[in-house]
Amino acid sequence: MKFVCNDCQELMEFVDNQPSEDGSSMAITYTCPSCSRAISMVTNPGETQVVRSLGVTIGHEAFSSPAEPMAMIRGALSGQPNPTMVPDQPDPVWTDAALRRLSAAPTFVQGIVHRLYTDYARQKGYREITPAIMNEAREALGMTGM
Ligand SMILES: [Zn+2]
């Protein structure tokens, strides 16, 4: 894929390729070597898919997967001791106070903490999760600050 500067009739040079956080779009930046005009081409999710499926590489390391760090975290988590699921027990209910406390945790850990504490409470046969049970789960799971 090439772009030509309309003013100079020069081929523009690739500068940068910024995938969006979720990897669904990319902003690909070129500049004109003659007048330094810069343009960015932004792909929509469909175009990103097409470019990826064609195996096209735009610039260097164009498609280092932005999803990889999360995949690594998921992998690490799945390696942790996972409390046995007890299928005929319903999920414990989070009380308002417990949810308020959960919401004080950093956003990126809330989902993990929610799941770990829910698993813990279910394993213990608790029907609801209160701040006191969060304390207990935190001790039992060796977590701090949540
Ligand atoms: Zn130019």
Quick check: with the 1.4 Å probe, what order do M41, M26 take by accessible area, largest first? M41, M26
Distance in nm between Q9 and S103 label points, each 7 Å along Cα→Cβ, equals 6.3 nm
Under a 1.4 Å probe, counting only protein heavy atoms, S34 has an accessible area in Å², nearest 10, of 70 Å²
With all protein chains present and a 1.4 Å probe, how do D7, D119 order by accessible area, largest first? D7, D119
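The values are calculated or read from the model by the stated rules, or taken from the named source; none is laboratory data. Owing to the predicted nature of the structure, the values given are computational and were not obtained by experimental measurement. We place every Cβ from the backbone using ideal geometry, glycine too, and count neighbours over all the protein chains shown. Ligands, DNA and RNA are stripped out before the accessible areas are found, and what is left, the full protein with its side chains, is counted by its heavy atoms. Shrake-Rupley method; radii C 1.70, N 1.55, O 1.52, S 1.80 Å.
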